[in-house]
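The values are calculated or read from the model by the stated rules, or taken from the named source; none is laboratory data. Everything numeric in this text was worked out from a predicted model, so none of it was measured. Using ideal geometry, Cβ is built from the backbone for each residue, glycine included, and neighbour counts are taken over all protein chains shown. These area figures cover heavy atoms from the full protein model, side chains too; ligands, DNA and RNA do not enter into them. Shrake-Rupley method; radii C 1.70, N 1.55, O 1.52, S 1.80 Å.
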Amino acid sequence: MKQNTCAVISGIGSYVPSKRVSNDDLAKLVDTSDEWIYSHTGIKNRHIADEKEATSDLAVKAAERALEKAGCPVSEVDMILVATATPDYLGFPSTACIVQDRIGAENAAAMDIVAACTGFIYGLETARVFIETGTYRNVLVIGAEVLSKITDWKDRNTCVLFGDGAGAALVSAQAAETSMKESLKRGILSSYLASYGKDAEVLLRPAGGTRVPFIPGTTPPEDLCLRMNGRKVYTFAVSVLGKTIETLLAKTGLSLQDIKYIVPHQANVRIIEACAKRLDIPLDKFFLNIKEFANTSSASIPIALTDMEQRGLLHPGDLILTVGFGGGLTYGGNLLYW
Ligand code: UT7
């Protein structure tokens, strides 16, 4: 049955810390080089939060920009979803509650989404469901990370890959009669969310939770940091990116030609190239800005969307496909009319 209400991205914004760290800077910390990092990942720079900046600080700035762009008073925000793998605090309070207070969203429910790099995709779909069921009218979806604070800066296998940043989208209810007219379609059309917990250990923070609690003087500090089996994640990523794109197209009866841009999680250019080759998709259909920001996990897709809007690449009615994968393992995508 066709819904009466569509969930439209009414405003988007991002924030990255001003401190910019190049590959050459990292080569002073670990045994690596600009040549290795760029040729294996497509990354040149990343932005790193300062000592006092936490995830909510970045999230608040992105959220305020998205609300301003949407022209939506903060009192009208019904729910705040913060997708993050690097919350201000372990477990509670949620980072979403910190953001709720800081932006003054006094009428909003707030909760975090833990789906690692796929978090923003999970967040958009959660917003769509709350809106299309008529429960809420404005849901603020934020992807925000300060990965630099859970990075082992002595591990060259991981420390060259990640950056800090935040992106936010206000998802708003719009009447289906006006938003889905043939001439100008708007809104989130369909999503595909999936998981593969069997390989949970290939990307994790080993200690600090209830499985391996932190014991002062005993827990090795690096066990509190992100640890990854890069090869396994790479193989998983190439396979599920393709599967997600094909699933979304099959679900909606659309074809690749209908899609203006694919906006992938920005983890590694080589992963995107392999997926493009496998599905015979021209590489320029994928929007990439990993060169400047590296992998910002749940923030990478909203940062990319904001970047695209600022470059004038997005127009109302354009069909956009987001696709991502990450810790959990999780994966999925959204198909939406801008
Ligand atoms: O958001 C999701 C999070 N994670 C990902 O998306 C990561 C997915 N995986 C990848 O992107 C790639 O697997 C990496 C970029 C992590 C690694 O690239 P690779 O081409 O798969 O390299 P590799 O792991 O097979 O390592 C090749 C060599 C190794 O040396 P040996 O054992 O062959 O002598 C590594 O020690 O490259 C070495 N290496 C490095 N060398 C210089 C690993 N990291 C570095 C480095 N600089 N930073």
Among (1) open to solvent by less than 10 Å² (accessible area, probe 1.4 Å); (2) closer than 25 Å to ASP78 by Cβ; (3) not aromatic (Phe, Trp, Tyr) - the single one VAL160 does not satisfy: (2)
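Select from region 149-172 the residues that are in a loop (DSSP other than H, G, I, E, B) and among the small types (Gly, Ala, Ser) and list them in ascending order.
As a first pass, look at region 149-172 and keep what is in a loop (DSSP other than H, G, I, E, B): 151-155, 160-161, 163-164.
Answer for region 149-172, where residues must be in a loop (DSSP other than H, G, I, E, B) and among the small types (Gly, Ala, Ser): just GLY163.
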Restricting to region 245-270, and then to whatever is under 15 Å from ALA304 (Cβ atoms) and open to solvent by 10 Å² or more (accessible area, probe 1.4 Å), can you tell me which residue is farthest from the ligand (Cβ to nearest atom)? LYS260
Could you run through region 204-242 and say how many residues are farther than 20 Å from LEU161 by Cα, open to solvent by 80 Å² or more (accessible area, probe 1.4 Å) and not charged (D, E, K, R)? 6
Test: residue in region 108-127 that is among the β-branched types (Val, Ile, Thr), buried (at least 22 other Cβ atoms within 10 Å of the Cβ) and touching a helix residue (DSSP H, G or I) at 6+ places or on another chain (Cβ under 6 Å): yes
Among (1) more than 22 Å from GLY328 (Cα to Cα); (2) surrounded by fewer than 16 Cβ atoms within 10 Å (Cβ to Cβ), there is one condition ALA304 misses while meeting the rest; what is its number? (2)
Output yes when any residue across region 204-213 is within 19 Å of the chain's Cα centre (by Cα) and touching a residue at least 12 places away in the same chain (Cβ under 8 Å), and no when none is. yes
Tell me the strands (runs of 3 or more DSSP E) entirely within region 12-100 that contain at least 2 residues that are among the hydrophobic types (A, V, I, L, M, F, W, C). 79-83
Go over the candidates ALA144, ALA169 one by one and state the one that is under 30 Å from VAL240 (Cβ atoms), away from the ligand (no atom under 16 Å from the Cβ) and open to solvent by less than 10 Å² (accessible area, probe 1.4 Å). ALA169
Would you confirm whether or not region 6-27 contains a residue that is open to solvent by 20 Å² or more (accessible area, probe 1.4 Å), of a type in the set (Phe, Trp, Tyr) and away from the ligand (no atom under 16 Å from the Cβ)? yes
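What number of residues in region 207-238 are more than 9 Å from the ligand (Cβ to nearest atom) and either part of a helix (DSSP H, G or I) or not β-branched (Val, Ile, Thr) (or both)? Quick ask: steps written out before the conclusion?
Applying the first criterion (more than 9 Å from the ligand (Cβ to nearest atom)) to region 207-238 yields 207-225, 227, 238.
This time we only want the ones that are either part of a helix (DSSP H, G or I) or not β-branched (Val, Ile, Thr) (or both), so: 207-209, 211, 213-214, 216-217, 220-225, 227, 238.
Selection size over region 207-238: 16.
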